[in-house]
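One structure below.
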Amino acid sequence: MKLTTDDVKKVAELAKLEFTAQELERFTDQLGRIVELVEQLGEVDTTGVEPMAHPLDVHTALRDDQLRTGLTHQAALANSPKHDGEFFLVPPVLTR
């Protein structure tokens, strides 16, 4: 697949990025080479190769979940600078 300047411009617009004409040309060339390398990887015969998420035999180091008692409603509100006894009160973040 040959990457065009219009392709790069479209992706830049989606990402809300603005580039000069020189930058677009340079990025088109650079991204085009990356796409070519990915296409080369697609040509490799992977018959009989088991899919994997990691090249090493890595096991998770996370602990098992343990059920514990959480904060009571009143304890959670105790350190709040503003609350109405039932909910945290915060300044509005959305306006019309």
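The values are calculated or read from the model by the stated rules, or taken from the named source; none is laboratory data. Since the model is a prediction, treat every value here as computed from it, not as a measurement. Every residue, glycine as well, gets a Cβ built from its backbone with ideal geometry; the counts of neighbours run over all protein chains shown. The area values use the complete protein model at the heavy-atom level, side chains included, leaving out ligands, DNA and RNA. Shrake-Rupley method; radii C 1.70, N 1.55, O 1.52, S 1.80 Å.
A few comments on the model shown:
- Linear extension gain, THR95 paired with LEU37, 0.36 nm per residue minus alpha-carbon span: 16.1 nm
- Alpha-carbon geometry of the chain: the Rg and the Dmax are 26.4, 65 Å, given in that order.
- Value at 222 nm in deg cm²/dmol, rounded to 500, when DSSP H runs of n ≥ 4 in the chain each add -39,500 (n - 2.57): -12500 deg cm²/dmol
- Each residue of region 83-96 is assigned a 3J(HN,Hα), and the resulting list reads 7, 10, x, 10, 10, 6, 9, 10, x, x, 10, 10, 10, 9 Hz, derived from the Karplus form 6.51 cos²θ - 1.76 cosθ + 1.60 (θ = phi - 60°), x at Gly and Pro.
- Residues whose placed amide H lies under 5 Å from that of HIS83, excluding near-sequence neighbours: LEU89
- Three-way shape label, region 48-96, alpha-carbon gyration tensor, a/c 1.5: oblate
- For region 11-96, chymotrypsin sites (Phe, Trp or Tyr not before Pro) meeting the loop criterion (DSSP other than H, G, I, E, B) and having at most 16 other Cβ atoms within 10 Å: PHE19, PHE87.
- The C-alpha atoms of the chain define a longest principal axis, and helix 21-42 lies at about 90 degrees to it.
- Fraction of accessible area attributable to carbon and sulfur, the chain (%, probe 1.4 Å): 58
- Span from the region 46-96 Cα centroid across to the region 1-25 one, whole angstrom: 37
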